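The values are calculated or read from the model by the stated rules, or taken from the named source; none is laboratory data. Worth saying up front: this structure is predicted, and the values here are computed from it rather than measured. Using ideal geometry, Cβ is built from the backbone for each residue, glycine included, and neighbour counts are taken over all protein chains shown. What goes into the accessible areas is simple: the full protein's heavy atoms, side chains included, and nothing from ligands, DNA or RNA. Shrake-Rupley method; radii C 1.70, N 1.55, O 1.52, S 1.80 Å.
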Amino acid sequence: MDIHKLLKIHFGYDAFRPMQEDIIRHVMEGKDSLVIMPTGGGKSVCFQIPALALPNTTLVISPLIALMKDQVNALHALGISAAAYNSHAGADELRRIENDALDGKLKMLYISPERMNGEYFNTFLSRLKIDFIAIDEAHCVSMWGNDFRPDYLNLSKLRDNFPYLPFIALTATADTATQTDICKQLKLNKPRVFISSFERKNITLTAAPSQKRMETILDLLKRHKGKSGIIYCTSRKSCETLTASLISKGINASFYHAGMDAAERTRVQEAFVNDDVEVICATIAFGMGIDKSNIRWVIHYNMPKNIEGYYQEIGRAGRDGLPAEALLFYSFADLEILKEFVQKSEGAEVFKEVQLAKLDRMWECANTTDCRTNLILNYFGEYRNENCGHCDNCLQPKAYFDGTQLAQMAISAIVRCGEQLTMGTIIDVLRGANKKELKEKGWDQVKTFGVGRHRYVTEWRAFITQMINQGLVSIDYTDFHKLRTTPLSKELLAGNIKVNLAEIVYSTKEEKVKKVPKAKAMLTSLAEDVDGELLAKLKTWRLQKARENKLPPYVIMHDSTLEAIAGMVPKDEEMLGMVPGIGEHKLKKYGGEILKLIRS
Ligand code: ADP
Ligand code: ZN
C-alpha cells in the first residue's frame, strides 16, 4: 500500500514531516541510513511506516524497556501488531512471541540489546523473515556519545549475522564525532545520513542564574496551572526537598530518582503519565521511558553536564507541537560539581577530556547572550545564524552598558586581596559586607572595600561571571576556586580596553511575560477558537477510556487532537476523519462516541 495512505490510515496524519518520506523510501529501497532527529521529531514513523509497507517482520532494537512497552502499547492502540522481547516478559510470554513472530503475525518485534548475544536467540532470529533492522537510540553504541552502553556493543555482530539486510540507526542526540562513530560501530553500509532540523520552534528557551530559583519556578507554575512539567535536579536529596517545598505551597508534586524502589518509581511515573500528578522533581533517570506528549514545561534546577542531555531533556516538552517552555538555571557551583565529577570518575583520560569539553560547551550555552538555539544547532552540525525568535536572548535582547568601571573595581579587589578569595568573598569585599571573617583577615582594610555597594549580590555574580566568560578573570579550580587575574585583567586596569556587560533580568518580572508575544499569541489563538466546554467533555471521556483500557490518556488521543476536535466541532464521520491524529482505526473505534459527545 502507498506510504501516504498508511500514514493516514494508521496514524491519521495527512503529510509527512520534512525528511520522513525520504528516509522511508531510502529504507524501502534496501539501503542503510543514519537518522539524526530531535526528540519529538517523528523518528518512529520513519521505521514504522516501512515496517507496515513491507511484507515481513521488522526488528527494532531499543535499550529502554519502558519505552518499548510504551511504543508497543501505542502500536496496539493504532491496530498494529507488535511485541516486546525483553527481560520483563515471562518465559511463557517469550515462547508466545516467538511463535507469533515465526508465524508471521508480528509487523514489529522490539528487542533489548542484551538479548542479542544468546545462541538460542540468534537461532530464533535466523529462522525469522526479517525485512530490515531499526536501531533506536543509536548513540548508545558510541563512546563519543553522551550515553554509552556496553550492551550496545553486541550490536556490531548484527551486521555479520545479517550482511544483506538494510539497517536504519536513529538517534536524537549525536554531535558530529558521534555520528561518524555510530556508522563505524554498526558497520553501516554506505549509509545516507539524514540530519533533520533540531530546532524545536514551539519551545521557548530561557536561562537564568540560580539565585531566585523558587520565586521563578512558582511564577512559571502559575502560568501553567494544572499542566504537566518536570523539574530536573542533580541530586536525589534536592528532588525530595524541592518536592516538599512545592507541596507546602499547595502544588501537586512528586519526586522520582534511582534511590527509590522499582514499584514506587513505576507508581510515580504512571501517576504523571495519567495526569494525576502535575509536577515531577526528578534526576535524569526520569523521562527516558516515557512518551507523554502534553508536557508543557521542563525546568533544569541545576545545569546539565552536556548539551546533548540538556536538549534531550527539554525535548520532552511540547511533543504535541503546542507551545512549551524550557527554563535552565545555572551557577558556578553546578559547574564545579560537574567538573569534579568528571575528574574523579574512572575511565581513560581521553574520555574525561571529551566530557570536560562537552561541559564547557554547556556552560557557554547557559551564559550566552546570543541566540541559544543557534548555539545548540551549531553544536549538532546544523549551521544557521538567523535568530530563532523563541529564546530569551532573541525575545528580549540584553541591554548592554559600559561596564569598564565595574570590571575595574572587581579586578582591583581581586588583586588587592592577593588573588586569594573566591567569588562570594570578593563580592562581600566589593559590597563592604559586615562580616567577622572579613575583619579577622583584614579584608575590610583594602582600598576597594565597599566600592561596589550600589549593586546587589546577584548582579555582581552575573557581572563577574560575564567577566570570566570574556577572559578578564579566571577561576583556579585546582586551588579552591579562587579568582585569579589574567593577562586581560592588567590591560583593563591600565585602561587599555573597555568592557561591555549585560544587565541581568530575571524571568519572574511581570514585563517578561508581556514580552513573550509569540508563544502567548500561539496559545491564545488556539484557545480562542476552541469550544472550552466540549474540550473539557472530551478530556473526561478520554480519561474514562484510558482507565478502561489501562493506557495513558495520550495514547487514546493526543491533547492536540482533542483541541483540534473542539476547534473544528466536526458534524459527521467524514469531517472527524480529517482531524489530524484521527486515522481510520481510531475513527472506527471512537468516532461514534465522539460524535455523540459533540451532539450532546
Ligand atoms: P521521536 O521518536 O522522534 O521522539 P515520535 O516518533 O514519538 O518522535 O513522534 C513525536 C510525535 O509526532 C508523535 O506524537 C507522533 O505521532 C507525531 N508525528 C510523527 N510524524 C508525524 C507527522 N507526519 N505528522 C504529524 N504528527 C506526526
Ligand atoms: Zn534565539
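Looking at region 313-330, can you tell me whether even one residue there is in contact with a Lys or Arg (Cβ under 8 Å, 6 or more places away or on another chain), assigned by TED's automatic domain parsing to the domain that holds L218 and closer than 23 Å to Q466 by Cβ?
Checking region 313-330: at least one residue is in contact with a Lys or Arg (Cβ under 8 Å, 6 or more places away or on another chain), assigned by TED's automatic domain parsing to the domain that holds L218 and closer than 23 Å to Q466 by Cβ.
Scanning for something crowded, with 20+ Cβ neighbours inside 10 Å and touching an Asp or Glu at 6+ places or on another chain (Cβ under 7 Å), does region 352-375 turn up at least one residue?
yes
So, of the residues in region 488-510 that are at pLDDT below 90 and open to solvent by 80 Å² or more (accessible area, probe 1.4 Å), which turns out to be farthest from E459 (Cα to Cα)?
Within region 488-510, the match that is farthest from E459 (Cα to Cα) is E510.
Looking only at region 299-315, filter to residues that are buried (at least 24 other Cβ atoms within 10 Å of the Cβ) and closer than 26 Å to E563 by Cα; which one of those is farthest from ligand 2 (Cβ to nearest atom)?
I299
Against the definition (under 18 Å from F198 (Cα atoms), near ligand 1 (Cβ under 9 Å from one of its atoms) and either of a type in the set (A, V, I, L, M, F, W, C) or touching a Leu at 6+ places or on another chain (Cβ under 8 Å) (or both)), how does M19 come out, yes or no?
no
Out of R236, R265, I need the residue that is among the basic types (K, R), under 22 Å from the mean Cα position of the chain (by Cα) and open to solvent by 70 Å² or more (accessible area, probe 1.4 Å). Which one?
R236
For region 352-456, list the helices (runs of 4 or more DSSP H) that sit wholly inside it and hold at least 2 residues that are charged (D, E, K, R); which are they?
The helices (runs of 4 or more DSSP H) meeting that bar are 436-441.
Do we find that K588 is assigned to a helix (DSSP H, G or I), out of contact with any strand residue (DSSP E or B) (no Cβ under 9 Å at 6 or more places or on another chain) and open to solvent by 60 Å² or more (accessible area, probe 1.4 Å) in this structure?
Answer is yes for this residue.
Does region 387-430 hold any residues that are buried (at least 16 other Cβ atoms within 10 Å of the Cβ), of a type in the set (A, V, I, L, M, F, W, C) and either more than 19 Å from V451 (Cβ to Cβ) or not assigned by TED's automatic domain parsing to the domain that holds P487 (or both), and which are they?
C388, C391, C394, L395
Mind listing just one residue for me: the one in region 42-69 that is of a type in the set (A, V, I, L, M) and in a loop (DSSP other than H, G, I, E, B) and, of those, nearest to ligand 2 (Cβ to nearest atom)?
Checking each candidate, the answer is L64.
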